[in-house]
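Report on the structure given below.
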């Protein structure tokens, strides 16, 4: 029986971090965390692109466009949707999440999911380098592991 695991190794691979500018005080920290994780785990800074979009709604479209280029081994997506007084939160959070899942499936590319969906700014801050860590970092680690796993699985198909 063969067993496969990915490791967070970005050496020789290309990544894109897609970040939402809306709630920039949160998302800039998430993007920084993602970029730091990629570089600390072997990705060359020259092999990591940072792409800013207006808001979480635009994240899936950017992910699809970048995935279609076939330049990247994985994408990392970060953003913050914070609940307000209207149902807008539900529409944006659901559509962005579904769109990213669909893009990952259609293009067969790992997408590290760092889209915060919180009730308060304080909860978002806690997840952007606060008490709950940095979910941008965590999303990048998932992308690193999955891109490594996919490469291992592709190699197993050839062997």
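All of the numbers you see were taken from the coordinates with simple rules; none came from a lab. Because the structure is predicted, anything quoted here is derived from the model rather than measured. Ideal geometry is used to build each Cβ from the backbone, glycine not excepted, and the neighbour counts take in all protein chains shown.
Here is how the numbers come out for the structure above:
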quantity: Residue with peak Gaussian network fluctuation, the chain [Cα springs, cutoff 10 Å], from 117, 69, 86; calculated: 86
quantity: Rg/Rh for the range 65-116, where both radii come from Cα atoms and Rh is the Kirkwood radius; calculated: 1.05
quantity: Length gained when the stretch residue 69-residue 91 is fully extended (0.36 nm per residue, less Cα-Cα span); calculated: 5.1 nm
quantity: The chain, relative contact order [Cα under 8 Å, separation at least 6], %; calculated: 33 percent
quantity: Angle between the chain longest axis and helix 88-107 axis [Cα atoms, degrees, rounded to 10]; calculated: 10 degrees
quantity: Helical contribution to [θ] at 222 nm, DSSP H n ≥ 4, -39,500 (n - 2.57), averaged over the chain, rounded to 500; calculated: -16000 deg cm²/dmol
quantity: Between 0 and 90°, nearest 10: helix 135-158 axis offset from the chain longest Cα axis; calculated: 30 degrees
quantity: Relative contact order (%) - the range 51-129, alpha-carbon pairs under 8 angstrom, separation at least six; calculated: 39 percent
quantity: Residues 148, 47, 90, sorted so that the one with the fewest Cβ neighbours within 10 Å comes first; calculated: 90, 47, 148
quantity: Cut-off 17 Å (backbone N to label point 7 Å along Cα→Cβ of residue 61), residues of the range 16-34; calculated: 18-22
quantity: Proxy reagent accessibility, fewest Cβ within 10 Å first, across 61, 72, 107, 15; calculated: 61, 107, 72, 15
quantity: Sorted by Cβ density within 10 Å, fewest first, the residues 14, 40; calculated: 40, 14
quantity: Between the range 36-95 and the range 97-159, the Cα center-to-center distance that results, in Å; calculated: 9 Å
quantity: Efficiency of FRET from Cβ geometry, residue 50 and residue 108, R₀ 22 Å, rounded to 0.05; calculated: 0.45
